[in-house]
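Notes follow the structure.
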Amino acid sequence: MEAAPQAPPPDGRDRYELPVLRATIGDQLRRHGRTQPDKPALISVAADGARTVVSHRQLDAMANRCAGGCSSCRSTPSPASDP
């Protein structure tokens, strides 16, 4: 469920120019994936000089897949542990 759009701040600044107060890492990944999807988020250089570039869009998608995988693997108590 997506949050309702926020009204612009009264001082005229863009809401992304305001200090981050309660944003989670997931919030930041989604925001960057939406506002600057093709900008590099991570750049890795291997020992042989090979570069790997991950965009904000790709990083957001990877985080979503990881979170989805984690939520599908939630453990449930085994019947043997019931008193």
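The values are calculated or read from the model by the stated rules, or taken from the named source; none is laboratory data. Quick caveat: nothing in here was measured; it's all calculated off a predicted structure. Note that each Cβ is placed from the backbone with ideal geometry, even for glycine, and that neighbours are counted across all protein chains shown.
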Item to check | Residue ID - modelled with the lowest pLDDT, chosen from residues in region 15-33 that are among the hydrophobic types (A, V, I, L, M, F, W, C) and within 11 Å of the chain's Cα centre (by Cα) | outcome: Ala23
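Can you confirm whether Ala41 is among the hydrophobic types (A, V, I, L, M, F, W, C), modelled with pLDDT of 75 or more and in contact with a Leu (Cβ under 6 Å, 6 or more places away or on another chain)?
Values: among the hydrophobic types (A, V, I, L, M, F, W, C): yes; modelled with pLDDT of 75 or more: yes; in contact with a Leu (Cβ under 6 Å, 6 or more places away or on another chain): yes.
It is true that Ala41 is among the hydrophobic types (A, V, I, L, M, F, W, C), modelled with pLDDT of 75 or more and in contact with a Leu (Cβ under 6 Å, 6 or more places away or on another chain).
For region 32-53, how many residues meet the condition of being among the hydroxyl-bearing types (Ser, Thr, Tyr) and touching a Pro at 6+ places or on another chain (Cβ under 9 Å)? Lay out the reasoning, then the answer.
Pass one, region 32-53, residues among the hydroxyl-bearing types (Ser, Thr, Tyr): 35, 44, 52.
Imposing the further condition that a residue be touching a Pro at 6+ places or on another chain (Cβ under 9 Å) reduces the set to none.
Number of matching residues: 0.
Of all residues in region 28-70, which are among the β-branched types (Val, Ile, Thr) and part of a helix (DSSP H, G or I)?
First, the residues of region 28-70 that are among the β-branched types (Val, Ile, Thr): 35, 43, 45, 52-54.
Residue satisfying the conditions is Thr35 alone.
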Next on the checklist: I want to confirm something. Restricting to region 20-38 and keeping residues that are surrounded by 12 or more Cβ atoms within 10 Å (Cβ to Cβ) and in contact (Cβ under 8 Å) with a residue 12 or more places away in the chain, which single residue is farthest from Met62 (Cα to Cα)?
Outcome noted: Gln36
